[in-house]
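These notes concern the structure reproduced below.
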Amino acid sequence: MSIPDRSRFPYTTALRRAGALALASGVLATALASAQGLPARYIEECLESGTELVTLPALAAGPLSASECRGCETRRLQFDRSTRYFIGKEAVSYARFRESASQTPRGLYVCYHPATRNITRLRMTATGNGK
């Protein structure tokens, strides 16, 4: 018995890989379909707001009132020691964050744990155009 000439079957490896990929995709699709019946768990929620719609206290302690739009529900959230502050991608102190927020209206993202309502981070856009 002779070994077949591999040059006559150049696509064998590619077909094996395609079959393995199809199998992995099927397993993933099945897992996703079965997980759809489970309730969603949120690690954190975020409000997309603006500096003019949020009341920032003098110190990063106590409550913060935030709303997504004028007339929308206002949420009272709490600062804690792990709250982080960002202007664009730059991490800043709360004092600098608050000072910058008071200068001109900007976009603001308020992220928090829904169960505790503790703020995880505040992120303000770096410029007035949403960046």
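Given the conditions (1) loosely packed, with under 11 Cβ neighbours inside 10 Å; (2) within 17 Å of residue 112 (Cα to Cα); (3) at pLDDT 90 or above, and given that residue 93 satisfies all but one, which numbered condition is not satisfied?
(2)
Determine which single condition residue 66 fails, assuming it passes every other condition in (1) under 10 Å from residue 123 (Cβ atoms); (2) open to solvent by less than 20 Å² (accessible area, probe 1.4 Å); (3) out of contact with any Cys (no Cβ under 7 Å at 6 or more places or on another chain).
Here residue 66 clears every test but (1).
Among the residues of the stretch 109-126, is any over 24 Å from residue 43 (Cβ atoms) and either in a helix (DSSP H, G or I) or not hydrophobic (A, V, I, L, M, F, W, C) (or both)? Spell out the reasoning first.
First pass over the stretch 109-126, keeping only residues over 24 Å from residue 43 (Cβ atoms): 126.
From the residues that got through so far, the ones that are either in a helix (DSSP H, G or I) or not hydrophobic (A, V, I, L, M, F, W, C) (or both) too are none.
The answer is no, given that none of the residues of the stretch 109-126 is over 24 Å from residue 43 (Cβ atoms) and either in a helix (DSSP H, G or I) or not hydrophobic (A, V, I, L, M, F, W, C) (or both).
Test residue 101 against the criterion of being in contact with a Phe, Trp or Tyr (Cβ under 9 Å, 6 or more places away or on another chain), small (Gly, Ala, Ser), over 16 Å from residue 46 (Cβ atoms) and not in a loop (DSSP other than H, G, I, E, B), and give yes or no. Working first, answer last.
Values: in contact with a Phe, Trp or Tyr (Cβ under 9 Å, 6 or more places away or on another chain): no; small (Gly, Ala, Ser): yes; over 16 Å from residue 46 (Cβ atoms): yes; not in a loop (DSSP other than H, G, I, E, B): yes.
No: the conditions fail for residue 101.
Please work out if residue 86 is without any contact (Cβ under 8 Å) to a residue 40 or more places away in the chain and touching a helix residue (DSSP H, G or I) at 6+ places or on another chain (Cβ under 9 Å). I'd like the intermediate steps shown before the answer.
Details: without any contact (Cβ under 8 Å) to a residue 40 or more places away in the chain: yes; touching a helix residue (DSSP H, G or I) at 6+ places or on another chain (Cβ under 9 Å): yes.
Yes.
Within the stretch 96-126, track down each residue that is under 12 Å from residue 50 (Cα atoms) and either surrounded by 11 or more Cβ atoms within 10 Å (Cβ to Cβ) or of a type in the set (Gly, Ala, Ser) (or both). Steps first, answer last, please.
Applying the first criterion (under 12 Å from residue 50 (Cα atoms)) to the stretch 96-126 yields 101-102, 104-110, 122-125.
The answer is 101, 102, 105, 106, 107, 108, 109, 110, 122, 123, 124, 125.
Determine whether residue 95 is in contact with a strand residue (DSSP E or B) (Cβ under 7 Å, 6 or more places away or on another chain) and not in a strand (DSSP E or B).
Numbers: in contact with a strand residue (DSSP E or B) (Cβ under 7 Å, 6 or more places away or on another chain): no; not in a strand (DSSP E or B): yes.
Considered against the rule, which asks whether it is in contact with a strand residue (DSSP E or B) (Cβ under 7 Å, 6 or more places away or on another chain) and not in a strand (DSSP E or B), residue 95 comes out as no.
Would a scan of the stretch 37-44 turn up a residue that is open to solvent by less than 90 Å² (accessible area, probe 1.4 Å), over 16 Å from the mean Cα position of the chain (by Cα) and more than 21 Å from residue 126 (Cβ to Cβ)? Give the derivation first.
Here is the first cut: in the stretch 37-44, the ones open to solvent by less than 90 Å² (accessible area, probe 1.4 Å) are 37, 40, 44.
In the following step, the residues that additionally are over 16 Å from the mean Cα position of the chain (by Cα) were identified as 37.
Next, only the ones that are more than 21 Å from residue 126 (Cβ to Cβ) stay: 37.
There is at least one residue in the stretch 37-44 that is open to solvent by less than 90 Å² (accessible area, probe 1.4 Å), over 16 Å from the mean Cα position of the chain (by Cα) and more than 21 Å from residue 126 (Cβ to Cβ).
Filter the stretch 81-90 for residues that are assigned to a loop (DSSP other than H, G, I, E, B) and open to solvent by 50 Å² or more (accessible area, probe 1.4 Å); which is nearest to residue 126 (Cα to Cα)? Outline the logic, then answer.
Filtering the stretch 81-90 for residues assigned to a loop (DSSP other than H, G, I, E, B) gives 81-83, 88-89.
Still in the running and open to solvent by 50 Å² or more (accessible area, probe 1.4 Å): 81-82, 89.
Details: 81: 24, 82: 22, 89: 8 Å.
Top of the filtered list is 89.
The values are calculated or read from the model by the stated rules, or taken from the named source; none is laboratory data. Fair warning: this is a prediction, and the values are worked out from it, not measured in the lab. Neighbour counts run over all protein chains shown; Cβ positions are idealised from the backbone, glycine included. What goes into the accessible areas is simple: the full protein's heavy atoms, side chains included, and nothing from ligands, DNA or RNA. Shrake-Rupley method; radii C 1.70, N 1.55, O 1.52, S 1.80 Å.
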